[in-house]
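What follows is one structure encoded as structure tokens, with my remarks underneath.
Every number here is computed from the coordinates shown, using simple stated rules; none is lab data. Here the structure is a predicted model, which is why all the values come from computation and not from measurement. Every residue, glycine as well, gets a Cβ built from its backbone with ideal geometry; the counts of neighbours run over all protein chains shown.
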Amino acid sequence: MSKKRKDYTLGVLTSGGDAPGMNACVRAVVRTAMNEGVSVVGVMNGYEGLINGEFKRWKNARDVGGFLRRGGTVLQTQRSKRFREKNGQREAIRNMNEEGIDGLITIGGDGTLAGAHVIAQQGVQVIGVPASIDNDIWGTDMAIGVDTALNTITEAVDKLRDTASSHTRAFLVETMGRASGYLAVQAGIAAGAEIVLCPEFPTSVEEVAATIEDAYRRGKNHAIIIVAEGASLRTTELASKLDAMDIGFKTRVTILGHIQRGGSPTAFDRLLAARLGIRAVEVLLEGQTDFIVGLRGRDITMAPLEDVISNKRPVNMEHFNMVRQLAR
Ligand code: F6P
């Protein structure tokens, strides 16, 4: 990018569930664009704001000062039902044209990227940046926010283990992930669970009971069971069933919920957000459209949005099995 692009206006939005590092990415987008002489418009409230024409023009690079370490999203976010309809998309595109936005960077999860593909197909120049604590987006090893969420879960489980050990209890800890067990599995390894339940690899109540009872017999004074939100067994029901089966430990349930989405991003998420934000601007100004930028190994790469939305990043079965291997 050598030529200054004074004639180009770039729009940026965050959409779907917030993820720590979204602000760091917006900061990288704004500053990279401004370094190139490009004007930048922030779209408030995701696609909903695009439909309503909620725009915010940043005048200079200092306007995004302090964004780096802020959790949530300063641009606000929504899950827009209207944008799924043709009318909503048409209004959004019309507003973009009226505002003089030449290209759009959309930061968010699978729904956000599906929306990006839909408008790219209607002629909008758009590049997606994966940001979702679920880490279920195909085309990137890591999405923005995942590392922070995983650290939050690990810290929470470490604390719960103190109480579990003190009372000789089994704690069932529910992580987010309506359709993805990534966080549960990785936290199972990072925080040392006995067993993990996730939507991808169903586990029976009997299997959980046998695993936990075995831990009790081996003299453990605690057991951690991590349950992904989308697992086939519901966390509270599972706890009652285990209590009724007499597995040695009494159980307690902790649902971590939205605490996993908040907080200042980790260094990893800030670095990822910076690299993806910079690359998204570069490829947009190169004239590319209908792609995401993502992390593959140590490199920032691109993947067509069409492939991204028709595939799901799988949970690693080896990692799933590692949890039990290491629970001794
Ligand atoms: O996609 C991110 C996520 O946090 C999921 O893990 C969770 O199932 C969902 O969003 C919760 O959505 P909401 O914040 O709208 O309740």
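Listed values, structure above:
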item: Inter-label distance, nm, simple model (7 Å from Cα along the C-beta direction), ARG218/LYS159; result: 2.8 nm
item: Cα→Cβ-extended label distance, 7 Å offset, between ARG62 and ALA179, nm; result: 4.5 nm
item: Estimated FRET transfer efficiency when R0 is 41 angstrom, pair ASP243-MET317 (beta carbons, to 0.05); result: 0.85
item: 3J(HN,Hα) from dihedral phi, segment 175-191, Karplus parametrisation 6.51/-1.76/1.60, rounded to Hz, x for glycine, proline; result: 9, 6, x, 4, 10, 9, x, 3, 4, 4, 5, 5, 5, x, 6, 5, 9
item: Contour minus Cα-Cα distance for ASP307 and ARG324 (0.36 nm per residue); result: 2.8 nm
item: Long-range HN-HN contacts of ILE292 with modeled amide H, under 5 Å; result: GLY128, ALA303, LEU305
item: Dipole of segment 19-124 [Lys/Arg +1, Asp/Glu -1 at C-beta], most positive-end residue of GLY53, VAL40, ALA19; result: ALA19
item: Segment ASN52-ARG79, extension gain: residue separation times 0.36 nm, minus the distance between their alpha carbons; result: 8.3 nm
item: Per-peptide average of other Cβ atoms within 10 Å, ordering 221-227, 211-217 highest first; result: 221-227, 211-217
item: Peptides ranked, highest mean first, by Cβ atoms within 10 Å: ranges 31-38, 155-162, 50-57; result: 31-38, 50-57, 155-162
item: Hydrodynamic radius of segment 148-261 per Kirkwood, over alpha carbon pairs, in Å; result: 13.6 Å
item: Förster radius 25 Å - calculated FRET efficiency between ARG252 and GLU207 (Cβ-Cβ, nearest 0.05); result: 0.80
item: Helix-only [θ]222 nm of the chain, DSSP H runs n ≥ 4, -39500 (n - 2.57) each, per residue, nearest 500; result: -13000 deg cm²/dmol
item: Qualifying GluC sites (Glu not before Pro) for segment 253-328 [loop in DSSP, other Cβ within 10 Å: at most 13]; result: GLU286
item: Extension gain from ILE259 to GLU98, taking 0.36 nm per residue of separation minus the Cα-Cα distance; result: 54.1 nm
item: Calculated over the chain: convex hull of Cα atoms, volume per residue (Å³); result: 119 Å³
